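Visitor: I have a structure here, written as structure tokens, and I will follow up with some questions on it.
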Amino acid sequence: MNTMLRKSVLGIAGLAFAGGLAAGPLNHDTTAPAAAVDARPVAAAVQADKPAVETGKLVPHGVQGEQSRIDLDDEQTANVKAIIAATKKAGMDERAAVVSIGTALQESKLENLGHLGDRNDHDSQGLFQQRPSSGWGSVEQITDPEYATMAFLKGLKQVDGWQDMPLTEAAQTVQVSAYPDHYAQWEQQAADLVAQHWNS
């Protein structure tokens, strides 16, 4: 067996369901159709000396509604890793990372957005579209992925029973979005990303 095979094993990250609800953040262009969802399971490479993520912990109640999926570029993948690192730093588990990544997928498509001019939702910026005027922090802070994630997680910790809520309910309690049900569509991709990157 070659070295590459010895060092990695494939883990099944879950199934993505066909569909794609075309919805994005309030200040993000949603004219493009949602990417088609690949119904094949996503395989995550995990180092042999690191345990695989328990996929049952990622989506304990199953996904709600049709799921959307987008392809990520290097910057978006780096933001996923930053969210996971901040979640670990906050002493929270994989489910908190799923909620965080699902929220950022809805709010910014995992892009660290600055001010979008006329397309901006008030003064919302960053991965989580947090607002300086609402007390989330300065523009410099909320456009820092670690700070923004820690701020989101601080809010999540204050939600009694968030661990037992569907992702969309937990996210909405923190974010107070005008479109609270839109978070649900990203739960499977968020879980797949956590399964792929939690131990990488």
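The values are calculated or read from the model by the stated rules, or taken from the named source; none is laboratory data. Just so it is clear, the structure is predicted and the values come from calculations on it, not from any experiment. Virtual Cβ from ideal backbone geometry, glycine too; neighbours counted across all protein chains shown. For accessibility, only protein heavy atoms count, side chains too; no ligands or nucleic acids. Shrake-Rupley method; radii C 1.70, N 1.55, O 1.52, S 1.80 Å.
Visitor: When the residues of the stretch 173-200 are narrowed to those that are open to solvent by 40 Å² or more (accessible area, probe 1.4 Å) and in contact with a helix residue (DSSP H, G or I) (Cβ under 8 Å, 6 or more places away or on another chain), which ends up nearest to Gln67 (Cα to Cα)?
Guide: Restricting to residues being open to solvent by 40 Å² or more (accessible area, probe 1.4 Å) and in contact with a helix residue (DSSP H, G or I) (Cβ under 8 Å, 6 or more places away or on another chain), the top hit is His182.
Visitor: Sticking with this structure for a sec: Within the stretch 154-171, identify whether any single residue is of a type in the set (Phe, Trp, Tyr) and closer than 23 Å to Asp71 by Cβ, and answer yes or no.
Guide: For the stretch 154-171, residues of a type in the set (Phe, Trp, Tyr) and closer than 23 Å to Asp71 by Cβ: absent.
Visitor: Test each condition in (1) closer than 19 Å to Val63 by Cα; (2) without any contact (Cβ under 8 Å) to a residue 12 or more places away in the chain for Ser138 and report the one that comes out false.
Guide: (1) is the only condition that Ser138 fails.
Visitor: Out of all the residues in the stretch 141-170, which are aliphatic (A, V, I, L, M), under 15 Å from Tyr183 (Cα atoms) and part of a helix (DSSP H, G or I)?
Guide: Leu156, Leu167, Ala170 - these are the residues of the stretch 141-170 that are aliphatic (A, V, I, L, M), under 15 Å from Tyr183 (Cα atoms) and part of a helix (DSSP H, G or I).
Visitor: Looking at the stretch 107-129, which of its residues are open to solvent by 40 Å² or more (accessible area, probe 1.4 Å), at pLDDT 80 or above and in contact with a Pro (Cβ under 9 Å, 6 or more places away or on another chain)?
Guide: Selection gives Asn112 alone.
Visitor: Let me ask something else about it. For the stretch 34-42, check the following and say yes or no: at least one residue is buried (at least 22 other Cβ atoms within 10 Å of the Cβ) and either part of a strand (DSSP E or B) or at pLDDT below 95 (or both).
Guide: no
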